[in-house]
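Taking it in order: structure first as C-alpha cells, then the write-up.
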Amino acid sequence: MPGPDKETDLTERIEAFLSDLKRGGSGTGPLRGSAETARETTALLRRITAQARWSSAGDLMEIIRKEGRRMTAAQPSETTVGNMIRRVLKIIREEYARSRGSSEETDQQESLHKLLTSGGLSEENFRQHFAALKANVIEAINELLTELEGTTDNIAMQALEHIHSNEVIMTIGRSRTVESFLKDAARKRKFHVIVAECAPFCQGHKMATSLSEAGIETTVIADAAIFAVMSRVNKVIIGTQTVLANGGLRAVNGTHTLALAAKHHSTPLIVCAPMFKLSPQVRRLTNEPDFYNFCEILSKVNVHCPVFDYVPPELITLFISNIGGHAPSYIYRLMSELYHPEDHEL
Amino acid sequence: SRFSDIQPALFCNLFIAVLHIFARQTEGKELTKEEKQRLRKEKKQQKKSKEKKDEKASQESEKEKKPVSSASPASQPPTQPITPKAVPTLVPVPASETPAPADKPAKSKAEMKAERRARQEAERASKQGKKGEVGQQAAPGKPKAPPSELQPVVKRLPEHVQVDNPEVLKKLAKKLERQQVSYRYIPLRSDYGYKVSLFSHLHQYSRKAPLTQQLSIPSTVIHPAIVRLGLQYSQGIVAGSNARSVALLHAFKQVIRDYTTPPNEELSRDLVNKLKPYISFLNQCRPLSASMGNAIKYIKKEISNIPSQCKEEEAKSKLLNCIDRYIDEKINLAAKAIAKSSIEKISDGDVILVYGCSSLVNHILCEAFEKNRKFRVIVVDSRPRLEGREALRRLVQRGISCTYVLISAVSYILPEVSKVFLGAHALLANGYVMSRVGTSQIALVAKAFNVPVLVCCETYKFCERVQTDSFVSNELDDPDDLIVTRKGKTQLEHWQEVPSLGLLNLVYDVTPPDFVDLVITDLGMIPCTSVPVVLRVKNVDQ
C-alpha cells in the first residue's frame, strides 16, 4: 500500500536529516555549509508537503511547524533550518491567500485600524480546502530551491562593483560565499588578500590555499596581527553564519575584533550573506560554547572557546546578498518580506 | 640564496691560505701605535677621494644577490671582502684594520664621523622616500650637548629596516669584515622564504638555519658565551625583553672576566672595540631589542669612562660591579617598585586580563596574591607563539585562579573583565607602546568596552625612537611557525611551492597612546605622553 510506505519513508528521511544535523553540530559528522543545509531542509519540506497527509493549509502548517521545532532543537546554532521553515510557512500563507482570491497587499498591511479591530489575532484559520493548493505550494517551493541554488553565483556576480584594482582586502576564517566572490573578481582585477587564520580551527588556512590556487596574492596572518596590519587594508569582506533581525551578525569567533579594528581605521566592512541566512532572532545573551580540547588542561583552569561572535550593526557598512546590496538599517524591512510575523516563534 | 651553500666551503680553503700569507708577513711583529695611526690616515684619504667613484660603481652592482659583493675592488683595497679574486689584495687589510687605540683617534674619529654624516646627508638627498623617519643606532651616541639645547637630529636609519636596500647590505657586510680580528668571517644571515611585499625592508630568517651553523670552528672572534647566547636568542630559548637583557649582561660579564688587555692597548678603548663584533653577531642572530640597546649603551659608557691609569684587575671588577648594579637597579628593584604601585590598583574581586607572558606582569600578580588580594586572572594567548601557556603555568602554580582563552575570544570574555594589565617591550618617545603583536588589539577591544588598560614598563626600556605603525620597524619571525595540523590535515605544508601564497609572522606591534590609560613605571605612574619627559630627565642624570 502506497500510503503507509510513503509515510514511513518520510519519517525515515526526517529522522535521518535530524541525526545529520545533530552530528554536524558536534563536529563528528561532515561539516556542511549553510547553503547545503538550506537546500536539504527545503527539499525535505517539499517532500513533506508532497507526501504527508493534510487536507487544509492549516494542517500542513501545523505539520511543518512540528517538524520544524524538532529540527531546530536538534541543532540550535544552525539557524538556516529555522529560516527555511519560516520561508515555507510564508509561501503556504501566500498561496492560500491567492487561492482564496484576496489580494496580498491587504493581508500584509498592518494598518492601525486592523490592529485595533482584529484584537491582535488573525481571523484566518486556514481551514478551507483548495485542490490546487498542494501543486501551487510545491511549485513555489521549487522556485525557492532554484533561488537557493543560485545565491552564491548571484553574490559573486556583484564582485566587480565593489573591488577595484590593487586593493588590499582582509577576510577572516573560511566562507564559501566570500571565496567565490573574490575568485570572481580576480578574473578581471588584480588585488591582494590578507586572511586571518581564525584559531583554533584555523579555517583561514584552507581559504588561503584555495585563493592562492586561483592566482590571488594571499597572505596568512595570525589573529593577533589583525589590528597591526589593518592600517594598510582597504576593505574588509567577511561571511557570516547568521544575519540577525537588527542588522547585527552572528559570525565566527574573532569577527568582532576585526570589525572594531576596521571601525578604528574607518575601513568599510562588507558582509556577503545570502538571504537565507537572515534570521528573525535577536541576540541571545548566552553564547553556545564549543569546547575544543587542544591543550593539556590543568585542573584549576577554565578554558573558554566560543564559536561565534556578535557584531553590532553600527560596525557594518554594507550587506551584499543575492538580491543586491543593502545597508544594515534596511534588514528589518527585508525580513518582513521574507517571513510572517506570526512565524517568528515556531 | 644559492651562494650561501658555496661560500662556507670556499671560506675554509681561503682562511687557511690567507692565514699562511699573513703569518709569513708579520711573524712575531706587532704594529706600533704610530704605524697603525698612519695606516688609518692613509685609509681615510683613500676613502675620501674614492667616495664619489664608489657611489657610482655601487649603483650598477645592485643587481647582484650576494650579500658580499665585489663591486669596488680597485677603489677600496683596505676593505676588500673575501672573494676568490681578491686574495692577494687582502693582505694589507689586517694591518690597517686592527683597531688602533691611540691618543689622536679621538679627534680623527670625530672628523670621520662628521664626514660620514655629510656623506649620508648627500645620500639621503639623492634617494627618494627610502628614509621615512629617523631611527636611532644601537651604537653609543655621545650625549655632548646639555639637554637644554635642542640637539640637531642627525641619526642613521638602523640597518635592520633597510633590507631592501642593497647598498646598506653591502655596508653591513663591510662592517662585519672590519670587525673581525683574525679574519674569521662573521657571516651575513640570509633571508628565508617569500616575504610579503609590505615587509620587504625587514629580515625574515628561518629558525632551522641558525647563524652558528655558518660560523667556522674554532671561532676566535666570538666568545663562546656569546655564541651560546646568540643561539639561545635565535631558537627562542631566551625570550622576553627582560630575560634577553639579563642574559646579555651576564654574557658580557663573562666576556669581561675572560678579557686581558693586549700590550700597547688601553682597556677602555680596546674592550669597546672587542664588544662590537659580538654585538653584530647577536644582531644577526636576532635583532636587538630596545632594552638590550640601552644596556649596551650603558656598558659602553662605563667602559669608556674607566680612567687610563686604572689597573686591569681593578677596572674589571669595577665593570662587573657596574653591571650587577645595573641589573639590580633597573630590573629587580624597578620590578619591586612597580609591583608596589600596582598593588594599589588591584582591588578585591577584580577580574584581571593579561596577555602573553610578561615577566613583570606575572611578578605583579604574584606579589598581589601574596598580599592577600582576592582576584582572578584571565590569560589571553595567541598563535603561533602560545606564550600565554607559560604565564598560565606560573600563575596556577602560585594558586591564582585562572581562565584561558585565545585572542579571538577577547570580545566574548571582556564584559567580565575589570582591568587589563599589559607588559611592554619598549615605550617610544611619541607615547606609543611597542609590545608583542596582539597587544594593540586587546587595548582596542578593551577601549570599546570601557575597561581600563594599564601598561607596566621599567624606565630602562624607554627609547628615543618614534613610530606610528607596525610596519616600518618590526621583526619577522619564522613563517613556518604558522603551519598547523588540524583534523589530520596540514593545509599550509607546501606554502613555498605556491607562488602567490605568503605567511606573515609578526613579532611586535605598536599601541597608540589613546588606548592606554596609565603607564606604571619605577618612577611612578605616568600617562603615555610623558615618556619624552622621562627620557629627558634620564639624559640630564647621565
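Overview of results
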quantity: Pair A:Glu167, A:Ser231: separation of 7 Å Cα→Cβ label points (nm); calculated: 2.3
quantity: Of B:Val498, B:Pro513, B:Ala446, farthest towards positive along the dipole that unit charges on Lys, Arg, Asp, Glu beta carbons give region B:388-523; calculated: B:Ala446
quantity: Crossing angle, helix A:255-264 versus chain A [Cα axis fit, 0-90 degrees, rounded to tens]; calculated: 60
quantity: Calculated on alpha-carbon atoms, Rg and Dmax of region B:370-518 in Å; calculated: 17.4, 57
quantity: FRET efficiency for B:Gln213 and A:Glu149, using Cβ-Cβ distance with R0 set to 60 Å, rounded to 0.05; calculated: 0.55
quantity: Under 11 Å, Cβ to Cβ, from A:Glu197 - net charge with Lys/Arg +1 and Asp/Glu -1; calculated: +3
quantity: Global geometry of region A:43-102, whether rounded, prolate or oblate, following the gyration tensor of its Cα atoms and the 1.5 cut on a/c; calculated: prolate
quantity: Cα shape, region A:144-189, gyration tensor, a/c 1.5 rule; calculated: oblate
quantity: Trypsin sites (Lys or Arg not before Pro) restricted to region B:212-318 and DSSP loop, no more than 15 other C-beta within 10 Å; calculated: B:Lys311
quantity: Furthest towards positive pole of dipole, B:Cys528, B:Val396, B:Gly431, structure part region B:386-542, Cβ charges; calculated: B:Val396
quantity: Between region A:129-157 and region B:343-379, the Cα center-to-center distance that results, in Å; calculated: 59
quantity: Test item: Cα-centred dipole of chain A, Lys/Arg +1 and Asp/Glu -1 on Cβ, debye; calculated: 480
quantity: Charge sum, other residues only, whose C-beta stays under 15 Å from B:Arg436's C-beta, Lys/Arg counted +1 and Asp/Glu -1; calculated: -2
quantity: Among the listed pairs A:Lys6/A:Lys134; B:Lys41/B:Lys170; B:Lys41/B:Lys301; B:Lys175/B:Lys195; B:Lys253/B:Lys330, those beyond 19 Å (Cα-Cα); calculated: B:Lys41/B:Lys170; B:Lys41/B:Lys301; B:Lys175/B:Lys195
quantity: Value of [θ]222 nm, deg cm²/dmol, for chain A, DSSP H segments ≥ 4, -39500 (n - 2.57) each, nearest 500; calculated: -15500 deg cm²/dmol
quantity: Hydrodynamic radius of region B:286-393 per Kirkwood, over alpha carbon pairs, in Å; calculated: 16.8
quantity: Links that overshoot a 21 Å alpha carbon limit, given the list A:Lys183/A:Lys206; B:Lys318/B:Lys340; B:Lys43/B:Lys300; calculated: B:Lys318/B:Lys340; B:Lys43/B:Lys300
quantity: Where N is the number of residues in region B:443-541, Cα Rg divided by 2.2 N^0.38 Å; calculated: 1.53
quantity: For A:Glu36, B:Glu458, A:Glu345, order by how many other beta-carbon atoms lie within 10 Å, fewest first; calculated: A:Glu345, A:Glu36, B:Glu458
quantity: On Cα atoms only, tilt of A:34-51 relative to the major axis of chain A in degrees; calculated: 10
quantity: Cα long-axis angle, helix A:2-26 against chain A (0 to 90 degrees, to the nearest 10); calculated: 20
quantity: Top positive-direction residue, dipole computed over region A:33-99 with Cβ charges, set A:Thr72, A:Ala38, A:Ile91; calculated: A:Ile91
quantity: Three-way shape call for chain A based on the alpha-carbon gyration tensor, with the a/c threshold at 1.5; calculated: prolate
quantity: Rounded to the nearest 20 debye, dipole of region B:204-294 from Cβ charges on Lys, Arg, Asp, Glu; calculated: 360
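None of the figures in this text is laboratory data; all of them are computed from the coordinates on show. Because the structure is predicted, anything quoted here is derived from the model rather than measured. Note: ideal-geometry Cβ built from the backbone for every residue, glycine included; neighbour counts use all protein chains shown.
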